[in-house]
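Remarks on the structure that follows.
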Amino acid sequence: MNLAITDVRLTPILVADPPLLNTQGVHQPYTPRLIVEVETADGVTGVGETYGDTKYLELARPFAERLIGRQVSDLNGLFTIADQTAVDSSRVSGKVDVGGLRGVQTADKLRLSVVSGFEVACLDALGKSLGLPVHALLGGKVRDAVEYSAYLFYKWAGHPEGVPGEQDDWGAAIDPAGIVEQARRFTERYGFTSFKLKGGVFPPEEEIAAVRALAAAFPGHPLRLDPNGAWSVATSLKVAKELGDVLEYLEDPALGTPAMAEVAAATGVPLATNMCVTTFAEIQEAFTRGAVQVVLSDHHYWGGLRNTQQLAAICRTFGVGVSMHSNTHLGISLAAMTHVASTVPNLHHACDSHYPWQAEDVLTERLTFDDGKVTVSDAPGLGVTLDREKLAFLHRRWLDDDGSLRERDDAAAMRWADPDWVTPSVPRW
Ligand code: GKR
Ligand code: MG
């Protein structure tokens with residue numbers, strides 16, 4: 001068996017996204033992703049997926065060149081390559097970048113997001129070469145299926161007039177009745193039993209009413225509300241008080257560890273985050289201050305599946321819960337999330353996934369949710385197959401774009417509907 005990497009292919013794509021609202025604005029009609037392929041001397045190809053904005057592509061290209069000749073099994077070596085890959089300092093703010101909704105923006109985090117796409121591709125190729133599923137390479141699954149939650153969004157029926165985009169069949173959801181209707185569709189289509197509402201869009205009273213309506217429609221089901229840090233400490237505590245009896249957890253009610261710690265100190269409602277603990281360096285302060293009770297890992301920015309396992313072990317050590325965050329993603333990432341989630345013993349909350357919102361994919365067969373769960377594949381590698389025609393189609397869309405959609409920018413997308421829209425300052429309420 002020859003595990004040496006002989007070729008690496010990077011394919012940026014634009015994938016259709018519905019007009020989902022968040023505190024920044026609205027999703028663009030198409031969002032960038034990067035599909036990574038690594039090929040071994042034996043002709044085995046592994047696939048990975050990560051963010052596709054220019055700043056990730058700029059790093060992924062020199063990274064790919066350095067991979068040639070290395071072994072797909074040399075996963076630690078990916079971090080060495082990352083350290084050697086220079087990041088243009090103008091690409092990172094070094095602080096919590098509210099626009100990113102993914103916590104602090106640093107050069108390391110950018111590198112780790114690129115590593116994650118290559119790590120998944122290497123694991124896929126290694127698994128295919130050895131005839132083992134990715135979960136086996138990670139130590140073996142401890143569950144046969146991974147539970148996901150319905151990710152509810154306020155949304156418009158369509159993208160703003162005159163903006164090219166695909167039509168979806170979800171309809172609008174801009175009030176409690178619309179959110180309950182959307183949740184019903186999620187349960188009918190995928191069998192989800194827990195629900196997360198993306199908040200920070202409307203004044204808190206309206207979002208409290210939406211969660212109350214969900215609680216009435218789905219009594220006893222786990223509910224979460226995530227305004228992406230849009231609230232002050234006082235508002236967060238007010239929401240926690242009003243919804244404390246129905247919430248599984250509040251996700252990033254306020255921005256940053258100090259504010260989250262203040263909220264946590266004054267409420268019994270657990271707080272989850274994918275914004276204030278997004279790197280290993282941020283763990284100590286957040287855990288010492290008791291700022292968060294659940295960390296939502298995202299293998300894309302934590303640096304891959306093995307780092308996700310390390311994060312889970314640290315959380316277990318400190319008695320902090322762990323689950324998974326997601327951003328707009330396709331089936332390769334869902335497969336990767338499912339493999340790693342299947343190996344984490346202390347996973348006690350349903351993971352997030354945007355996947356149901358993505359009607360397009362680059363796979364020959366979409367992954368499916370049954371009773372809200374994805375079955376863990378035992379096929380070699382990730383257990384997915386790239387559809388080259390679909391990949392080419394989505395890449396063509398990226399090539400044809402004039403550049404305006406190649407960077408995800410929810411505030412810019414909102415300006416198509418409201419030219420005066422500016423990124424709201426935080427706290428917004
Ligand atoms: O897709 O609008 C969105 C989400 O707000 C996403 O950007 C966040 O990263 O899903 C995420 C979250 O849980 O914060
Ligand atoms: Mg979140």
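The values are calculated or read from the model by the stated rules, or taken from the named source; none is laboratory data. Just so it is clear, the model here is predicted, and its values are computed rather than measured. Note that each Cβ is placed from the backbone with ideal geometry, even for glycine, and that neighbours are counted across all protein chains shown.
For the reader, a short list of remarks on this structure follows.
- Number of the exception - residue 269 against (1) in a loop (DSSP other than H, G, I, E, B); (2) closer than 19 Å to residue 350 by Cα; (3) in contact with a Ser or Thr (Cβ under 6 Å, 6 or more places away or on another chain): (3)
- Selected residue (only one of 50, 45 is under 12 Å from residue 117 (Cα atoms) and in contact with a strand residue (DSSP E or B) (Cβ under 8 Å, 6 or more places away or on another chain)): 50
- Hits in region 288-305 (condition: surrounded by fewer than 20 Cβ atoms within 10 Å (Cβ to Cβ) and part of a helix (DSSP H, G or I)): 288
- Total residues in region 198-236 satisfying the condition of being more than 16 Å from ligand 1 (Cβ to nearest atom) and among the acidic types (Asp, Glu): the figure is 2.
- Which listed residue, of 266, 359, is surrounded by fewer than 20 Cβ atoms within 10 Å (Cβ to Cβ), away from ligand 2 (no atom under 16 Å from the Cβ) and touching a residue at least 40 places away in the same chain (Cβ under 8 Å): 359
- Residue count for region 27-54 satisfying the condition of being assigned to a strand (DSSP E or B) and under 15 Å from residue 110 (Cα atoms): 5.
- If you go through region 316-336 and keep only what is assigned to a helix (DSSP H, G or I) and out of contact with any Gly (no Cβ under 7 Å at 6 or more places or on another chain), you end up with 316, 317, 331, 333, 334, 336.
- Residue selected from region 220-238 under the condition in contact (Cβ under 8 Å) with a residue 60 or more places away in the chain and within 16 Å of ligand 2 (Cβ to nearest atom), by the criterion nearest to residue 179 (Cα to Cα): 224
- Residue check, residue 147 under 23 Å from residue 326 (Cβ atoms), modelled with pLDDT of 95 or more and in a helix (DSSP H, G or I): no
- Scanning region 55-70 for residues that are surrounded by fewer than 16 Cβ atoms within 10 Å (Cβ to Cβ) and either at pLDDT below 95 or not β-branched (Val, Ile, Thr) (or both), we see that the one that is nearest to residue 5 (Cα to Cα) is 69.
- Within region 194-219, restricting attention to residues that are surrounded by fewer than 23 Cβ atoms within 10 Å (Cβ to Cβ) and small (Gly, Ala, Ser), the residue that is nearest to ligand 2 (Cβ to nearest atom) is 194.
- Top-ranked residue of region 306-327 - restricted to ones that are within 22 Å of residue 355 (Cβ to Cβ) and of a type outside the set (A, V, I, L, M, F, W, C), ranked as surrounded by the most Cβ atoms within 10 Å (Cβ to Cβ): 325
- Test result for residue 339, within 16 Å of ligand 1 (Cβ to nearest atom) and either assigned to a helix (DSSP H, G or I) or under 20 Å from the mean Cα position of the chain (by Cα) (or both): no
- Among (1) surrounded by fewer than 16 Cβ atoms within 10 Å (Cβ to Cβ); (2) in contact with a Lys or Arg (Cβ under 8 Å, 6 or more places away or on another chain); (3) aliphatic (A, V, I, L, M) - the single one residue 157 does not satisfy: (2)
- Residue 191 touching a residue at least 60 places away in the same chain (Cβ under 8 Å), surrounded by fewer than 20 Cβ atoms within 10 Å (Cβ to Cβ) and over 20 Å from residue 31 (Cβ atoms): yes
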